[in-house]
Amino acid sequence: MTFPINVESAIPKHRHQLLKWNGWGYQDSKFVFKDNEVYFSGKRYPIGELKLPHFVGWVTNVLGIDALKEQTHQPPPTNLDYPPPNISDEIIKTLELLNLSHSLNVMDRVVRAHGHTLNDMFILKFGKFERIPDIVIWPECHDHVVEIVKLAEEYNLVIIPFGGGTAVSGAVECPIDERRPIISLDTSQMNRILWLNEENLVACCECGIIGQDLERTLNDLGYTTGHEPDSYEFSSLGGWVATRASGMKKNLYGNIEDLTVHIKMVTPKGVLEKGCQVPRLSCGPDFNHIIMGSEGSLGVITEVVIKIRPLPKCRKYGSIVFPDFEYGVKCMREVARQRCQPASIRLMDNDQFKFGVILKPESSYFGIMLDGIKQFYITKIKGFDSDRMCVMTLLLEGDPEEVKINEKKLYNIGSQFKGVPAGEKNGERGYMLTFVIAYIRDLGLQYNVVAESFETSVPWNKAVTLVRNVKHVVIEECTKAGIVCFVINSRVTQTYDSGCVIYFYLGFNYSNIQNPVEVHHHLEEKARDEIIACGGSVSHHHGVGKLRKKWYPETVSKVGVNLYLCAKKELDPKNIFATNNFVDSVPHSKL
Amino acid sequence: MVGQLLNVNNRQKVLHMARKMDKYEDIIENRRNDLINWNWSTRTLRTQVAVKIYPRPAPESHKLAVLHAPKIRELVDEISSKRNIKKEIIAKEVVEILEEIGYKKSLKVIRYLSYALTKIFLNISSGIFVNYQGISKIKSQMGNRPVIFVPSHRSYADFIIFSYVFFYYDIEIPAIAAGMDFHSMMGMGEMLRNTGAFFMRRTYNDDSLYWSIFKEYVYQLVCKGDLPIEFFIEGTRSRSNKSVTPKYGLINMILKAYFLSEVPDILFVPVSINYDRLLEENLFAFELLGIPKPKETTSAFFKSLSIIKQNYGNIFFHFGDPISTRDILEDKINRTKYSKGPTHIHEINEEEKRVIPILAYEIVRKQQSSTVISYFNLIALILNNHITRDQNTTSLHELCSEVRILRNVLRLWGAPIFERDIEETVLETLMVHKGLVTTDENQTIGLITNKITTGKLNADKLKAHALSENTISYSVPFITLQIYANPVLHYLVDGALVVIILRSVGEMAIDDLFKHFCFLRAIFSYEFVLLESWYKMQFESSLNNLLGQNIIICKNGQYNIYENKYFEEVLISSIQPFILSHYVITEMLLKTAAQVDEKTIFTNAQKLLEEAINEKKMFIHPYCMSLDSFGNCLGSLGKMKVIEKKQINGKNVFNINQQSIAKVKRDLEIYIPSFHVIKSFDIFLHIKSKL
Ligand SMILES: Cc1cc2nc3c(=O)[nH]c(=O)nc-3n(C[C@H](O)[C@H](O)[C@H](O)COP(=O)(O)OP(=O)(O)OC[C@H]3O[C@@H](n4cnc5c(N)ncnc54)[C@H](O)[C@@H]3O)c2cc1C
């Protein structure tokens, strides 16, 4: 191999040529509702082009969808829809002089004006952003970024780093009241693997590399990072670091903070990085932790040295069914206590279990939650109640021997909590669905359904009550808001020594609701308040952004807020990186 | 400006309430025609639980949970090392205490009891009326969070009948907090335990092991139980047949589960109970005078049952709208502080204790404002009014027409009263109360006096002054009558205060009127339970009510008494005994040393009033000797910081701020002229002359 490796990205520079400009994922991949049947289009995913016989029944029953009430989405934006970019000729000239690729095209600007919150999607389909970037610039290396930041300092421009644009916190959105010109700094063209060191098992990558590109390239070399957030097809390495991302297989490979060995960040004051590339360091507070989770507010992460692992020899799925959620959680807790978590272990509650079923392509005769015989065994012989049972899905990776031992151990623990093994297929399907579930929201928005997910981390002793209380609050608030058809379901999606991560889906039919996005926002706020009251956190991996600012101060303390502000002031005194994340009013410095 | 807030909306709301009131059903109606009833008692039950839990927790599981609770285990360790006793011995003590406390469930007992009760009710009562829509509303909200039923407490019979109502409606009979005195009724205790009662000691000593266990038990029931819970927020049976200020002990224990986010919400269901005739009517009259109740024993209970082979008329239940704790307290407290550390180390703090009264008073307020008024309540009010005017009898005709007037007005003012043929119902209800009120052949109706004999009373046991036998037998009927008038007072008191103010001081603008009102309302905030934050609302709606009946008038922004003399009298006479007792207490406080114990105050007050009554120069309502009212007066004065309550050697002792009490007395005197209206102005002069 020769370095640097110029990775050819699956995603073109003008992303909307392949990706939906107004929805999730690839243009050719979507749920289609036709002739009273639903199928998933395209060949990219295993369920592609297959009919989903259970889908229609479910969405009509549970979400009250009316096939006749299809909403039409607005056409792509034109120059008439947004004010002309506020960029002086002087700046354009300088960019050209520096040979920096850029665009003033309205489509380029709009598709970088947002992440993937419900609000963003609703605006794309039915509304208009209050503020979009004035210009998109594509740096191609670290030095380019240094130039751009210098330029911004000089002309007092705002920079918002843009990786994959998958944030679900409002982090990439332009602050509405920002009057200075805004640059969307798209890192997608900085996607080289600069070098790889097999001795140390690390690779140095540019920040814009997209998860799927990184994995594909490393896989070809026999390696993996093992970092697999559900958005990894579209999210970037820089984005992961900037949001403290967490991958599905963190048990085996670690979260982004465990995976990064060295980080470079360009700030208006210069480059922040460590002078060595060592496995651990005792040298005062670790400034990597100022970079990680900074959500674009302190500078641009340009290069990251990330750990790599040889590809596992064996990968196996599994699943266990429990009579109810509490037994499942107890089992999860025990697995964590014994520290024998496989690469991934998740526990879906009954509603999510049922929800997963609607994505089953084939119709089965014996009931739809489990395969025929299994269904019979579990409900009739074991006496599980199909309205309460829940399923745990497992993903094991490693040497075949290890996997086997681990698997046995897990099923043993499962049986201590009344768990019944439910086969590999159910597990595999669970993980496969992870990537297509994100596509469902677009279908929902076509039929008056809004949906969003939210997550939290919580100590073990509060997990069950948190889930119960949050669901209760959501149900109550839905009723108060006059919502008739809604779903609220959850899963335990990660485990740790001292707690776990809960992931909720919340969606409702808004046919009779005036401001669905506001209402959804209100529901989520009530839910988060309850989460916090129950001992949960503001976020395990989605981050704070603009959506969850309300809970930032009480999470980090007043001193913490000031500490952040001090760092911000020191690194970025002119507030060039005016993302407006975390805290409401980063004081604008006077010019 | 208070005035601007007055609106007609209020009256419409009231009208709406009045129309709704016939939505009650008699739950023993079907039993009357059922020849067997046993089939009904043994029918298949599909009861609604408060929280659906699988598998359903057994009663024993809660005791075990307490035994193993970290808090109790730590306490056991602590006591064991402090007292140098083996842990096992303390643990055994814990188990014994839990056995004493814990509820059980025996469907068999419940079925037998339902059968026996059916027999009894069919014998002694005409109907048990329940607002079934209220029930079904609650039922529909049950299943996903703790539900606490909070009935008003008017009789020992309350909770047995209450359980019967649940049995009827297929709702799981609650775990009911009952006093240990109940348990000591031989046999009864265990029977009630088997229907779900759990027991609480009455002694408020600092047995920390006992109370820790009890608290933990309640906490477990709320967090991990599936039964609804029932407790009496008034803490004790109200002897006066009207609300008692809420007590915070149990509600504290219950709410802890919400504050610690162990449950998402807690629903409190206020329930009001009213009896046509109380089982304990005479007992209560005695107790109000300070003559203690006999110890509860089963034989006494059954004796009291046997005395009453007679008709006790109707019983009315009203299930109010559930109150969501979350709705009321969510933005008043921050629960996040409990997110750190093990849950069991947390106790609720002062901040939370400060907000609990808001909820507790809200429950009582809802109980008050939903109490179904019986026809005898109206009759008692009318007879009382007559008696106050030295008119000892009345004719059936006159009585009925007064009942009609009162019924119409009270309905407008929010009281649920059944639509019945008045004369028929009056005669019926007079039969029920034939021991208290006579109807002779000329249909002249009057109170039966001097029929009560007391026998020798042990003076040591009296709570206050050693009243003479004469006084007692004279007083008891009047007091009993007042007890029956009392449930109506909730609907009248605010209007009565406004009338008293205007009658005494003369016309005034609304802001001044409100100032006077606030003073009087504060004085009576214990007697007629109300939280200060409601003064304004109550004031405004009472003005509306009075204006609507031409009792007062507003001209050029000035309020004054208007032309409805009859109602003015009814209002003033209705609260006269209370004003008198409160006035006398302030007089007593003014005359005593800077520190005085409760018994002395009570004794002196009763002594003075007894003399005044016995002189028989004019009619003085004996209810003014009620220790309950005295206590209420001290309570509200304490709240106003005029006096300060202390416990010395287990006795209630008061420190008196002489200046403040003098002011209160002076302020109270302002309102005395209003009593001209019912010719009893002299009472005060008379009493003053004796001081
Ligand atoms: C369907 C779906 C599933 C998801 N699943 C997961 C999951 O499993 N785990 C998880 O952790 N997250 C998940 N997310 C959230 C999101 O994908 C992550 O936050 C991700 O890390 C964002 O990366 P990005 O490249 O898309 O960043 P962007 O959305 O482009 O940006 C996110 C923030 O980081 C800043 N930023 C981006 N690049 C840089 C850089 N180079 N230097 C400085 N700042 C930068 C931006 O300014 C912005 O504030 C999911 C989102 C969706 C829509």
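Of the residues that make up region A:198-208, is at least one of a type in the set (D, E, K, R), part of a strand (DSSP E or B) and in contact with an Asp or Glu (Cβ under 7 Å, 6 or more places away or on another chain)?
Yes - at least one qualifying residue is present in region A:198-208.
Could you run through region A:437-483 and say how many residues are within 30 Å of A:Asp497 (Cα to Cα), away from chain B (no Cβ under 12 Å) and aromatic (Phe, Trp, Tyr)?
Count: 1.
Looking for whichever is aliphatic (A, V, I, L, M) and closer than 29 Å to B:Lys137 by Cβ here; the options are B:Leu64, B:Leu98, B:Leu113. Which one fits?
Unique residue meeting the criteria: B:Leu113.
Among the helices (runs of 4 or more DSSP H) confined wholly to region A:313-400, which include 3 or more residues that are among the small types (Gly, Ala, Ser) and at pLDDT below 95?
No helices (runs of 4 or more DSSP H) qualify here.
Within region B:283-335, how many residues turn out to be part of a helix (DSSP H, G or I) and modelled with pLDDT under 90?
The qualifying residues number 11.
Results for (1) within 13 Å of the ligand (Cβ to nearest atom); (2) of a type outside the set (A, V, I, L, M); (3) at pLDDT 95 or above; (4) open to solvent by less than 10 Å² (accessible area, probe 1.4 Å), shown as yes or no for each residue.
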{"residue": "A:Gly165", "(1), (2), (3), (4)": "yes, yes, yes, yes"}
{"residue": "A:Ser184", "(1), (2), (3), (4)": "yes, yes, yes, yes"}
{"residue": "A:Gln212", "(1), (2), (3), (4)": "yes, yes, yes, no"}
{"residue": "A:Thr217", "(1), (2), (3), (4)": "no, yes, yes, no"}
{"residue": "A:Thr225", "(1), (2), (3), (4)": "no, yes, yes, yes"}
{"residue": "A:Ser235", "(1), (2), (3), (4)": "yes, yes, yes, yes"}
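Scan region A:538-586 residue by residue and report those that are within 14 Å of the ligand (Cβ to nearest atom) and either free of Cβ contacts under 8 Å to residues at least 12 places away in the same chain or charged (D, E, K, R) (or both).
A:Lys546, A:Arg548, A:Lys549, A:Lys568, A:Asp572
Run A:Val517 past the list (1) within 20 Å of the chain's Cα centre (by Cα); (2) farther than 29 Å from A:Ser184 by Cβ; (3) away from the ligand (no atom under 16 Å from the Cβ) and report the number of the one that doesn't hold.
Here A:Val517 clears every test but (2).
Given the conditions (1) open to solvent by less than 10 Å² (accessible area, probe 1.4 Å); (2) of a type in the set (Ser, Thr, Tyr); (3) within 14 Å of chain B (Cβ to nearest Cβ), report the number of the one that A:Thr495 does not fulfil.
Condition not satisfied by A:Thr495: (3).
From A:Thr302, A:Thr243, A:Thr260, which residue is away from every other protein chain (no Cβ under 14 Å), touching a residue at least 60 places away in the same chain (Cβ under 8 Å) and under 21 Å from A:Thr495 (Cα atoms)?
Being away from every other protein chain (no Cβ under 14 Å), touching a residue at least 60 places away in the same chain (Cβ under 8 Å) and under 21 Å from A:Thr495 (Cα atoms) holds for just one of A:Thr302, A:Thr243, A:Thr260, which is A:Thr243.
Within the group A:Lys30, A:Lys43, which residue is buried (at least 19 other Cβ atoms within 10 Å of the Cβ) and either under 21 Å from the mean Cα position of the chain (by Cα) or free of Cβ contacts under 8 Å to residues at least 40 places away in the same chain (or both)?
A:Lys30
May I ask you to list the residues in region A:449-492 that are hydroxyl-bearing (Ser, Thr, Tyr), closer than 25 Å to B:Ile266 by Cβ and part of a strand (DSSP E or B)?
A:Thr456, A:Ser490
Given the criterion surrounded by fewer than 18 Cβ atoms within 10 Å (Cβ to Cβ) and touching a residue at least 24 places away in the same chain (Cβ under 8 Å), identify the matching residue among B:Lys663, B:Lys651.
Exactly one of B:Lys663, B:Lys651 is surrounded by fewer than 18 Cβ atoms within 10 Å (Cβ to Cβ) and touching a residue at least 24 places away in the same chain (Cβ under 8 Å), namely B:Lys651.
Just one of A:His16, A:His102 is outside the structural domain of A:Glu303 (by TED's automatic domain parsing) and away from the ligand (no atom under 16 Å from the Cβ); which is it?
A:His102
Right, B:Pro264: within 28 Å of B:Asn314 (Cα to Cα), crowded, with 22+ Cβ neighbours inside 10 Å and either within 14 Å of chain A (Cβ to nearest Cβ) or modelled with pLDDT of 95 or more (or both) or not?
Here the answer is no, as B:Pro264 does not meet what is asked.
Any residue in region A:50-58 that is within 24 Å of A:Pro12 (Cα to Cα) and not assigned by TED's automatic domain parsing to the domain that holds A:Ile358?
Within region A:50-58, not a single residue is within 24 Å of A:Pro12 (Cα to Cα) and not assigned by TED's automatic domain parsing to the domain that holds A:Ile358.
Check whether at least one residue in region A:395-413 is under 20 Å from the mean Cα position of the chain (by Cα) and within 16 Å of the ligand (Cβ to nearest atom), and report yes or no.
Looking through region A:395-413, at least one residue is under 20 Å from the mean Cα position of the chain (by Cα) and within 16 Å of the ligand (Cβ to nearest atom).
Which residue out of B:Ser114, B:Ser80 is in the same structural domain as B:Ser61 (by TED's automatic domain parsing), free of Cβ contacts under 8 Å to residues at least 12 places away in the same chain and open to solvent by less than 30 Å² (accessible area, probe 1.4 Å)?
Testing whether each residue is in the same structural domain as B:Ser61 (by TED's automatic domain parsing), free of Cβ contacts under 8 Å to residues at least 12 places away in the same chain and open to solvent by less than 30 Å² (accessible area, probe 1.4 Å) leaves just B:Ser80.
What about B:Ile273, is it open to solvent by less than 20 Å² (accessible area, probe 1.4 Å), farther than 30 Å from A:Lys526 by Cα, aliphatic (A, V, I, L, M) and more than 14 Å from chain A (Cβ to nearest Cβ)?
Judged against the criteria, B:Ile273 is a match.
From the residues in region A:123-154 that are in a loop (DSSP other than H, G, I, E, B) and touching a Ser or Thr at 6+ places or on another chain (Cβ under 9 Å), which one is surrounded by the fewest Cβ atoms within 10 Å (Cβ to Cβ)?
Per the stated criteria, the residue is A:Cys141.
Do any residues in region B:527-554 that are without any contact (Cβ under 8 Å) to a residue 24 or more places away in the chain have Cβ atoms under 6 Å from those of residues that are assigned to a helix (DSSP H, G or I), where the two are at least six apart or on different chains, and which pairs are they?
Matching pairs, first to second residue: B:Tyr535/B:Cys518; B:Tyr535/B:Arg521.
Of the conditions (1) open to solvent by 10 Å² or more (accessible area, probe 1.4 Å); (2) within 14 Å of chain B (Cβ to nearest Cβ), A:Met389 satisfies every one except a single condition; which number is it?
Condition not satisfied by A:Met389: (1).
The values are calculated or read from the model by the stated rules, or taken from the named source; none is laboratory data. This structure is a prediction, so every number in the text was calculated from the model and none was measured. Note: ideal-geometry Cβ built from the backbone for every residue, glycine included; neighbour counts use all protein chains shown. For the accessible areas, the whole protein counts, side chains as well, though only heavy atoms, and no ligand, DNA or RNA atoms are used. Shrake-Rupley method; radii C 1.70, N 1.55, O 1.52, S 1.80 Å.
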